[in-house]
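Structure first, then comments.
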Amino acid sequence: MALCACLPSTGLPSPLAAPAVAVEHESYRVRHVRDGDVIELTIAATFTNRTADTIILHPCYDRRPAVALEKWVDGEWRSAFGQACPDILNRNAPRLAPGESRTDTALLSASFRPNTYPRFELGTVPGLYRMVYWKAHRAWRANGYLGALLPKDLRASSAFRVVE
């Protein structure tokens with residue numbers, strides 16, 4: 001059996017269906033702060049529950065969405081940025097019923113310096129990215145505890161450009 005990933009003539013990954021996470025803009029501009037050692041990026045996105053179950057979007061600090069960035073490099077998505085978020089159950093975490101949507105604004109800050117976290121993992125910033133909710137779980141039991149993590153294709157955004 002052969003698997004094939006197709007790229008249209010634009011060089012962008014070709015989605016098979018509309019993504020569960022739609023970013024607000026096709027391009028976002030990164031800000032350099034602290035003498036250029038740190039980048040900041042603000043991304044607005046709408047998460048739509050495309051499952052038949054209620055899902056829980058477990059937040060990071062200050063009720064911010066727990067998201068990561070992946071960059072399209074050499075024909076595959078590679079990790080570019082992740083956050084350290086406590087894995088403590090938040091009983092008031094946002095829940096989405098089947099077909100329901102929620103819009104979040106992710107405020108990301110990452111360093112280029114070694115031995116820091118969060119850290120921007122790739123050498124150059126400009127490029128094609130996607131945002132992935134990494135704490136989107138199915139709810140289980142009537143009490144709403146976290147269930148299985150959703151498959152990545154149900155947590156990943158449409159592709160967007162990041163420019164300097």
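Does the range 31-47 hold any residues that are β-branched (Val, Ile, Thr) and crowded, with 17+ Cβ neighbours inside 10 Å, and which are they?
Residues satisfying the conditions are Val38, Ile39, Ile43.
Of everything listed in (1) more than 19 Å from Ser157 (Cβ to Cβ); (2) modelled with pLDDT under 80; (3) open to solvent by less than 60 Å² (accessible area, probe 1.4 Å), the single unmet condition for Thr54 is (2).
For the range 96-110, a tally of residues being surrounded by fewer than 16 Cβ atoms within 10 Å (Cβ to Cβ) and modelled with pLDDT under 90 returns 1.
The values are calculated or read from the model by the stated rules, or taken from the named source; none is laboratory data. Here the structure is a predicted model, which is why all the values come from computation and not from measurement. As a convention, Cβ positions derive from the backbone with ideal geometry for all residues, glycine included, and neighbour counts pool all protein chains shown. Areas reflect the complete protein model, heavy atoms only, side chains present, ligands, DNA and RNA absent. Shrake-Rupley method; radii C 1.70, N 1.55, O 1.52, S 1.80 Å.
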